[in-house]
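The values are calculated or read from the model by the stated rules, or taken from the named source; none is laboratory data. Only a predicted model underlies this, so the values are computations on that prediction, with no experimental measurement involved. Glycine also receives a Cβ, built like all others from the backbone with ideal geometry; neighbour counts cover every protein chain displayed.
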Amino acid sequence: MLGMTVNMTLSPADPDHGIVFQRPDLEGSPTLSLTKARRITEIPHCTSIEEGEIKIYGVEHLLSALAGCQIDNVIVQLDASEPPAFDGSAVPIAKAIRQAGILEQDTERRQLRPESPIILTEQGAQIIAQPAETFRISFLFDYPDGPTQYAEFDPQTDDYATEIACARTFCFEHEVEALRSMGLGKGATEGQNVLVVNRSGETESELRYPDELVRHKILDLIGDLYLLGRLPQAHITCVRSGHTLNTRLVETLREQLRCRLDPPVGAIEIYDLLEHRYPFCMVDRIVELEEGKRAVGIKNVTFNEQFFQGHFPGRPIMPAVLQLEALAQTAGYLVKRIPENRYKLGYFAAMDNVRFRTPVVPGDQLRLEVEVLRLRSKFVRIRGVATVDGQITTEAEFSVFLGEDRTGTESA
């Protein structure tokens, strides 16, 4: 879309690592976790995301290829802010992945299934997600004065590489000048990596399929849905849906995943489960919980905190290591809700990718979001991100050893 010269490398990642983008060309080689990223709309007709200082434009074809190849854990290194355009389809990426080989990991794939049917409409377009045992798509696409195209895709019976991945991106003839006036489409060449469709629904370039346009819409939809990190167990039915409506569905599904607690879990219940006591209680509430997987805690930072007496009392700033402790206690509550972990003590084993970004001061409300990356009987690996008003203050990955309670307390 931007016509940038870019090098892209896909590297294997550990189980439960997820899809993570890395920018080695930027100072500190910052990373962007797909499931934590926020969609941005600076550029039309594509799906772009950001986290912190990183922005990646036009990720849908890459994500579609990863989904089509069933890649759950990968590090994507880019030295520019968009993936290569290739021929406007996903097949070069899918082909390269299959040639490199795919490692099957000994970890159960997490599933996502809508709790109930979801129906979204916008300006004559509609998308419906109905709970199902497997993922599949039915797509109806029409355009002014042209024939209607309809296609279905079921990965249980259809081959993504041959039936979807080869379909190229397209735009309508009347959109070309508008896109160029915005400085977009610099790397686009008609017939090579983009199809230009006239008002009659025809193209000057030879099509790879008679219904290539609707197949590419399915390709885009798969990529957009993979912002979730996995494809939902749902039958997705679309009528003229595009990136905006697709990503609205993603956000709706994410809301279902977040499992907000009403009412939230208060401090008394939190520290009935955790061993910490004053002045080392760093979490006031648990407001979101996905059992065994994810939790969000809240810490209200007040001027009366005991640590402010010695930590820059003239200009109080919350110690960064205590933000890590707050994340760890949020994780501790999540992990100790699992019955077999109820009477285990957690000990820090390691910390990686620790970054302290923005100071936390009295009056701030610290949002503590933790996600289990790996869980074993005596070991857990957590990713934690602390934010204030949407701005990251601290982030880290940490490993915790789960030892038996040395007091000898037994479960009731």
On the given criteria, is Pro263 in contact with a helix residue (DSSP H, G or I) (Cβ under 9 Å, 6 or more places away or on another chain), surrounded by fewer than 18 Cβ atoms within 10 Å (Cβ to Cβ) and more than 30 Å from Leu221 (Cβ to Cβ)? no
Of residues in segment 305-344 being in a helix (DSSP H, G or I) and acidic (Asp, Glu), the one nearest to Asp364 (Cα to Cα): Glu325
Identify, please: which residue in segment 216-257 is out of contact with any strand residue (DSSP E or B) (no Cβ under 6 Å at 6 or more places or on another chain) and not in a helix (DSSP H, G or I) and is, among those, nearest to Asp159 (Cα to Cα)? Leu231
Residue in segment 89-109 that is in contact (Cβ under 8 Å) with a residue 12 or more places away in the chain, exposed (fewer than 13 other Cβ atoms within 10 Å of the Cβ) and among the basic types (Lys, Arg) present: yes
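Do we have Thr162 as more than 20 Å from Leu228 (Cβ to Cβ), at pLDDT 95 or above, polar (S, T, N, Q) and out of contact with any Ser or Thr (no Cβ under 9 Å at 6 or more places or on another chain) here?
When the stated conditions are applied, Thr162 passes them.
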For the subset of segment 116-170 comprising residues that are touching an Asp or Glu at 6+ places or on another chain (Cβ under 6 Å) and part of a strand (DSSP E or B), which member is farthest from Glu202 (Cα to Cα)? Arg136
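Please go through segment 95-119 and give me each residue that is farther than 27 Å from Arg374 by Cα and of a type outside the set (Lys, Arg), ordered by number.
Across segment 95-119, the qualifying residues are Ala96, Gln99, Ser116, Pro117, Ile118, Ile119.
Here is a yes/no grid of residues against (1) surrounded by 17 or more Cβ atoms within 10 Å (Cβ to Cβ); (2) in the same structural domain as His235 (by TED's automatic domain parsing); (3) more than 23 Å from Gly58 (Cα to Cα); (4) at pLDDT 95 or above:
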{"position": "Ile127", "(1), (2), (3), (4)": "yes, yes, no, yes"}
{"position": "Val176", "(1), (2), (3), (4)": "no, yes, no, no"}
{"position": "Met182", "(1), (2), (3), (4)": "no, yes, no, no"}
{"position": "Gly201", "(1), (2), (3), (4)": "no, yes, yes, no"}
{"position": "Glu204", "(1), (2), (3), (4)": "no, yes, yes, no"}
{"position": "Ile218", "(1), (2), (3), (4)": "yes, yes, no, yes"}
Filtered residues of segment 286-304 (kept if at pLDDT below 90 and not in a strand (DSSP E or B)): Glu291, Gly292, Lys293
Look through segment 129-159, keep the residues that are of a type in the set (S, T, N, Q) and under 15 Å from Ile222 (Cα atoms), and return whichever of them is modelled with the highest pLDDT. Ser138
What is the residue count in segment 360-399 for residues that are touching a Phe, Trp or Tyr at 6+ places or on another chain (Cβ under 6 Å) and crowded, with 19+ Cβ neighbours inside 10 Å? 2
